Amino acid sequence: MSATVTPIAEAAHARHATQPRADAATVFAWFDGALVDAGAMQAGLTTHAMHYGSGVFEGMRAYATESGAAVFRLPEHLERMRRGAEMFGLPFDPALCAEATLATLRANRHADAYIRPLAWFGEGGFGLDVEGHVPHMMVATTATSVHLNGSRARLGVGKWRRNPADSLPPLKLCGSYVNSILAKREAKARGFDEALFTDREGFTVECTGANVFMVKDGRLTAVEHRDALPGITRDTLLQLTGAPSRMVPLAELMDADEVFACGTAAEVAPVAQIEEREFGDNPVTRELAELYGRVVRGREPAWRHWLTDL
């Protein structure tokens, strides 16, 4: 990336830099220690992550609450990002990233927002070794973007398998998501909104960017699989409901009364269809979606500790 910014090694000294002045149309991103015009950024042609996916990211959300904007479960997201960065030997400071996140939201005057922190290996030579490449970190924020558009999603069972955990760890590593792109393209080509991954034994894994729950006879169950991302929204719902978590065969999922996907962007998204199987009303899903909405907006005092105020 090219811009006049504080180098990452000196970024800690820029944590409390004053907010830049710009016209109202400017969108800011945080890059290596400073807030910059997001539209002016460029990546060098030898950027390692661009060639090999050697980066790690998170998807986070900020919500407008009665006391102002707040980020939902910020420490948990950044701890997962730290684990991903550690896999690459990529320098990453969760505390710095937290401050960068809040500074970017303030600069962009965002309340309800989607947040994308990204750490990656940049300029250097060609080749798989990451040593000698410049490490970078950025944070960008946008107006809220919902992964499944808030509608009742139609899922196609994908022909592609999810990356097995003994080949790629289930973390938000940039290169891993080529797997999701291929699966989603295949599902959408067949007329579905989203793909559902299953393993070779017929067990449900997850969607391309969301975990899965099911409801049968009023009982909620979280789909568990070693290849699935340990979702923070999934964990939130488990803590809110005390639901059990276990492996679920696709046949059992198809026989459920309700199915829903969940994730930071998707929130709690009801599933209308899996292949030819159609689902009816989603009363339990609606109730959970309403509870989740109250929690993320600070309207449930018992869970207010999950919110980091700007």
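The values are calculated or read from the model by the stated rules, or taken from the named source; none is laboratory data. Note that this is a predicted model, so its numbers are computed, not measured. Backbone-built Cβ (ideal geometry, glycine too); neighbour counts: all protein chains shown.
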Taking into account only those residues within the range 166-209 that are among the basic types (Lys, Arg) and out of contact with any strand residue (DSSP E or B) (no Cβ under 7 Å at 6 or more places or on another chain), which is nearest to residue 52 (Cα to Cα)?
185
Could you list all residues from the range 37-56 that are part of a strand (DSSP E or B) and buried (at least 22 other Cβ atoms within 10 Å of the Cβ)?
55, 56
If I filter the range 188-224 down to residues being among the aromatic types (Phe, Trp, Tyr) and under 11 Å from residue 157 (Cα atoms), which single residue comes out as surrounded by the fewest Cβ atoms within 10 Å (Cβ to Cβ)?
192
Would you check if there is a residue in the range 116-138 being assigned by the TED database to the domain that holds residue 42, closer than 19 Å to residue 296 by Cβ and surrounded by fewer than 15 Cβ atoms within 10 Å (Cβ to Cβ)?
no
Go through the range 57-73 and give me each residue that's over 30 Å from residue 125 (Cβ atoms) and outside any loop (DSSP other than H, G, I, E, B).
60, 61, 62, 63, 64, 65, 68, 69, 70, 71, 72
What single numbered condition from (1) within 25 Å of residue 290 (Cα to Cα); (2) out of contact with any Asp or Glu (no Cβ under 9 Å at 6 or more places or on another chain) fails to hold for residue 214?
(2)
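Results for (1) of a type outside the set (Phe, Trp, Tyr); (2) buried (at least 21 other Cβ atoms within 10 Å of the Cβ); (3) farther than 24 Å from residue 83 by Cβ, shown as yes or no for each residue.
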site	(1), (2), (3)
186	yes, no, yes
226	yes, no, no
243	yes, no, yes
261	yes, yes, no
272	yes, no, yes
282	yes, yes, yes
286	yes, no, yes
289	yes, no, yes
